[in-house]
Structures are given as C-alpha cells and as structure tokens.
1. In what sequence, highest mean first, do 128-135, 45-52 appear when ranked by Cβ atoms within 10 angstrom?
2. Enumerate the calculated ³J(HN,Hα) couplings along region 78-87 in order (Karplus 6.51 cos²θ - 1.76 cosθ + 1.60, θ = phi - 60°), each rounded to whole Hz, writing x wherever the residue is Gly or Pro.
3. Would you mind checking which residues have amide H under 5 Å from residue 37's amide H? H placed 1.01 Å from N; only 5 or more apart, or other chain.
4. Could you give me the ³J(HN,Hα) list for region 126-142, computed from phi with Karplus coefficients 6.51, -1.76, 1.60 and θ = phi - 60°, whole Hz, x at Gly and Pro?
5. Hey, can you grab everything whose amide H is under 5 Å from the amide H of residue 130? Only 5+ residues off in sequence or another chain; H modelled, so Pro and N-termini drop out.
6. Taking amide H positions as placed in the peptide plane 1.01 Å from N, state which residues far from residue 139 in sequence (5 or more) or on other chains have amide H under 5 Å from it.
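No lab work stands behind these numbers, since they all come straight from the coordinates. Everything quoted here is computed from the prediction, not taken from an experiment. All Cβ positions, even for glycine, are placed from backbone atoms using ideal geometry, and neighbour counts span all protein chains on display.
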Amino acid sequence: MRQDTEENDGMTKQKFESASESSKTRHIPIGFPIFERILVAYDGTEMSMRVLSYASYVSMVSDSEIVIVNVVESDRDLNKVLPVTIKANLDGKEEQIGLESSPPKALLDELLLKLVEDMTTACKAAGLTKKITYEIRVGNPSDEIIKISNLKRFDLIVMGSRRISSLMGGIGSTTRKVLSTVKTPTLIVQKQQRYKDEW
C-alpha cells in the first residue's frame, strides 16, 4: 500500500514538473498576432503622448521593439543633418543614446538635440525604456511614415487622430493617407474624452 502511494506521488510530481516545463516553453497559438516591431508616429503634441502610452502597453505585453518617427517641418539647419536614426536605452543607470546613422554634424545641432531630449522625456513618461529607435525626418509626415514602414517589417503602426466618424473624412489627413497606403495593421488612438457625450 505504501509502495503504491509512493508511486502515485512520484507520478504526480512527474506530471507537475512536465506541466511546469510545458508552461515555460508555451508558444503563442497559431493565428494570434505577434508584435515584434511597432512603428509609432510622434510629433510632441498631447495626442502623441497618448499614442506613446498605448504603444508602451503593447510593447510591455509583447516585448516589442519600438520605432518612433518624428517628422519635423523643413528647416535650413535641420535639413543638413536629417534624416537621422538614433538607438536609445533608457533603462536606469545603463541609459544610452547613440546615433546609428547620420551626418557627423548631427551631433552638434542644437535643434536636433532638443528634439531628442523631448522624445526621451516622452518615452520615460510613457514607461518606454528598452528597444527604442528614434527616426527623425523632415518632410511630409504621411509620406515619411509610409517610407519607413516600407523600409522595415512592422507588425503594428500606432497613430493618433481626431474624432473618427462613420466616414473616412472624419479621420485626419495624415492618418487617412497612411491607412489607405500601408498593409500593416494600424491602431488609431483618439483624443481622450473630456466630458460625457463630447462627440
């Protein structure tokens, strides 16, 4: 009787261990979305801060790489140093921000440094600290977002927009153009409702 009990205990332990091992190696079910790289449209506005917070949540759940694109207006000085790609690790003591591809003059440009500082502050506020790339460009926002989305494979694009009506005309022009051009799934973040029945 005691031997049978020991055998049963051994079998239970074995089943528990195998269950634990299987849970560690559990794979995402077929058909479920995998967000390895997310493109985020950012322009420094309150809306884009809201967009960053949504992207941050998806990134934390999926351990995604975040690529933040900031398209600025044409500027004589910035035109000389843009486009620029910057890798950022904002994780505590190991904080590192380094240029990946850009003209040497980019390091000295005050306007660019201010942009990077603002984007870094926004990322920290949204809880983004790892796997971050800044893409700072000059030109038309929708065109540049589309170009970047074509250069790399993205699993999700996160953008902000004003109120979405039942017609496409209710979506901002930049968002509308991106939606009608890219094939990547896109999350559109609306402004936060300030009072009931605002829309």
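1. Put in order of decreasing packing, that is 128-135, 45-52.
2. Those phi angles translate into 5, 4, 6, 10, 9, x, 9, 10, 10, 9 Hz.
3. Placed amide hydrogens put 65, 155, 156 under 5 Å from residue 37.
4. Along region 126-142, the couplings run 8, x, 8, 10, 10, 6, 10, 10, 9, 10, 10, 9, 10, x, 7, x, 5 Hz.
5. 90
6. Under 5 Å from the amide H of residue 139 lie the amide H atoms of 72, 74, each far enough along the sequence or on another chain.
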